[in-house]
Each structure stands twice: as structure tokens, then as C-alpha cells.
Amino acid sequence: MPSLDLNVAKLREVNARLHALPPGTNERAWTLANPEGRHSIAVGLDAPLDVTVAGHVGYYCGGMNKQASITIEGHCGTGVGENIMSGTIRVRGNASQSAGASGRGGLIVIEGDASARCGISMKGVDIVVGGSVGHMSAFMAQSGRLVVCGDAGSDLGDSIYEAQIFVAGKVESLGADCEEQPMRSEDREAVAALLARAGIKADVKRFRRYGSARRLYNFHIDHVDQY
């Protein structure tokens with residue numbers, strides 16, 4: 001397995017090396033050593049690579065990911081997997097705010113807790129959090145699914161569109177136009193499938209479903225205080 005040491009090579013050189021791999025390369029499994037909280041590690045990948053980041057990372061690790069599988073063996077800063085298109089990002093520790101922001105596809109797994117605005121403006125990504133999430137998670141989430149095995153902070157799903165939220169624990173409060181909805185058999189099957197993909201064990205029966213009440217899709221004077 002090829003290894004690149006971020007204490008030896010510059011970050012820009014490391015990212016460029018991964019970007020320059022030819023189609024069909026056999027060098028698909030990479031380890032990035034000594035990340036030491038650096039920002040923008042393994043961003044913009046567009047190949048079926050398997051990248052392990054051996055330590056903690058800073059902002060935007062795995063941003064704009066397409067096809068690659070990225071494993072962060074530690075905690076991560078703001079915006080992990082920002083605008084992910086496809087592939088998988090796994091965080092073995094905790095994630096700071098805005099995890100998976102504007103993600104359009106793929107899967108993000110956070111084995112620990114996620115901070116505020118997890119899944120903000122998500123547009124198709126699936127996010128599974130083994131722990132809890134902070135306030136305003138799934139804010140303005142348009143599509144995709146957020147599965148939280150722990151608790152959720154205040155204003156969950158504020159101004160949500162058509163994304164789906166599943167929470168096993170307590171929800172401090174719901175945001176504007178977000179409501180609890182019936183948990184159907186197909187929802188339980190979807191949650192079970194996502195948990196299996198994420199490799200996280202949780203009791204599917206504990207999950208509750210939240211989504212848009214669709215009161216803010218068109219202006220109505222009775223709902224003016226929620227805009």
C-alpha cells in the first residue's frame with residue numbers, strides 16, 4: 001500500500017499525486033500519514049481510490065469527493081465531505097460543524113458525534129451518525145437522509161425541504177416547518193439498510209422520522225412568523 005507522509009511532502013503535492021493517478025491504476029489503496037489537523041486533505045478526488053488518513057484532520061477533508069472511499073482515523077474539523085458527489089467518507093472519531101454540507105450523493109459515516117449543522121443544505125447525500133448531532137442539523141436540507149443514532153440538538157430540520165431525518169434518541173426542538181411523521185415499514189427498512197452499509201449497530205425500532213410539513217413552500221399569511 002503506497003504511503004505519503006504529510007510531514008515530508010507538501011499537502012498540495014499529495015493531493016496532486018492522487019489526482020494524477022491514471023485511469024485503471026492498480027495503486028488504489030493509499031495511506032496519508034501525519035495529517036496533524038491540516039485542512040483540505042484528499043479533496044476533489046475523482047477515482048475509485050481507497051484512502052486512509054492516519055490521524056486527525058482540519059477543515060474540508062474529502063470535499064467534493066467523487067468515487068473514492070476515504071477513512072479518517074481520528075476527528076475532523078468543519079465541513080468534512082462538503083459537496084460530496086459519490087463514494088464514501090468514514091470518520092472514526094467526532095466531526096465538527098457542517099459535516100456533509102451541500103452533499104449531492106454518496107455516504108458519510110461519523111462513528112462518534114457531529115457538531116452543529118450536520119447535513120446543512122444536503123442535496124442527496126446519506127449521512128449516518130453513530131452518536132449525537134448539534135443544533136440546526138439538516139438546516140435547509142433538500143434531499144437525502146440523515147440517520148442519528150443518538151440525540152439531536154435544537155432546531156432540527158429548520159426550513160427543511162424533502163430530506164428525511166431519522167433520530168433514535170431525544171430531539172431538543174424542531175426547526176421551522178419540520179415535524180415528526182409516521183415511521184412506515186419502508187422507512188425502517190431504509191434505516192436498517194443504511195445502518196448496515198455504515199457498519200453501525202442500532203435498534204431500528206427506536207428511530208423516529210422527521211420531515212417537512214410543507215407549510216413554507218408557498219407564502220401564507222398564517223405562517224408569516226415562521227419565514
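What the table below lists for this structure:
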| item | result |
| --- | --- |
| When residues of segment 158-193 are limited to those that are in contact (Cβ under 8 Å) with a residue 12 or more places away in the chain and of a type in the set (S, T, N, Q), the one surrounded by the fewest Cβ atoms within 10 Å (Cβ to Cβ) | Ser173 |
| Test: residue in segment 77-90 that is part of a strand (DSSP E or B) and aliphatic (A, V, I, L, M) | yes |
| Per-region count, segment 120-136, residues part of a loop (DSSP other than H, G, I, E, B) and within 20 Å of Tyr217 (Cα to Cα) | 4 |
| Residue match in segment 7-22 (condition: assigned to a strand (DSSP E or B) and either in contact with a strand residue (DSSP E or B) (Cβ under 9 Å, 6 or more places away or on another chain) or in the same structural domain as Ala202 (by TED's automatic domain parsing) (or both)) | no |
| Test: residue in segment 31-47 that is assigned to a loop (DSSP other than H, G, I, E, B), surrounded by 17 or more Cβ atoms within 10 Å (Cβ to Cβ), free of Cβ contacts under 8 Å to residues at least 40 places away in the same chain and charged (D, E, K, R) | yes |
| Any hit, segment 49-71, residues being part of a loop (DSSP other than H, G, I, E, B), at pLDDT 95 or above and touching a Phe, Trp or Tyr at 6+ places or on another chain (Cβ under 7 Å) | yes |
| Unmet requirement for Asp187, which otherwise passes all of (1) under 28 Å from Tyr60 (Cα atoms); (2) more than 18 Å from the chain's Cα centre (by Cα) | (1) |
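Here is a yes/no grid of residues against (1) surrounded by fewer than 24 Cβ atoms within 10 Å (Cβ to Cβ); (2) of a type in the set (A, V, I, L, M, F, W, C); (3) under 13 Å from the mean Cα position of the chain (by Cα):
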{"residue": "Cys118", "(1), (2), (3)": "no, yes, yes"}
{"residue": "Val125", "(1), (2), (3)": "no, yes, yes"}
{"residue": "Gly130", "(1), (2), (3)": "yes, no, yes"}
{"residue": "Gly150", "(1), (2), (3)": "yes, no, no"}
{"residue": "Gly153", "(1), (2), (3)": "yes, no, no"}
{"residue": "Leu156", "(1), (2), (3)": "no, yes, no"}
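Residue-wise test of (1) in contact with a helix residue (DSSP H, G or I) (Cβ under 8 Å, 6 or more places away or on another chain); (2) on the phi > 0 side of the Ramachandran plot; (3) at pLDDT 95 or above; (4) part of a helix (DSSP H, G or I).
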{"position": "Arg145", "(1), (2), (3), (4)": "yes, no, yes, no"}
{"position": "Asp158", "(1), (2), (3), (4)": "no, no, yes, no"}
{"position": "Glu189", "(1), (2), (3), (4)": "no, no, yes, yes"}
{"position": "Ala193", "(1), (2), (3), (4)": "no, no, yes, yes"}
{"position": "Ile200", "(1), (2), (3), (4)": "no, no, yes, no"}
{"position": "Tyr210", "(1), (2), (3), (4)": "no, no, yes, no"}
{"position": "Arg214", "(1), (2), (3), (4)": "no, yes, no, no"}
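The values are calculated or read from the model by the stated rules, or taken from the named source; none is laboratory data. Small disclaimer: the values here were computed from a predicted structure and weren't measured. Glycine also receives a Cβ, built like all others from the backbone with ideal geometry; neighbour counts cover every protein chain displayed.
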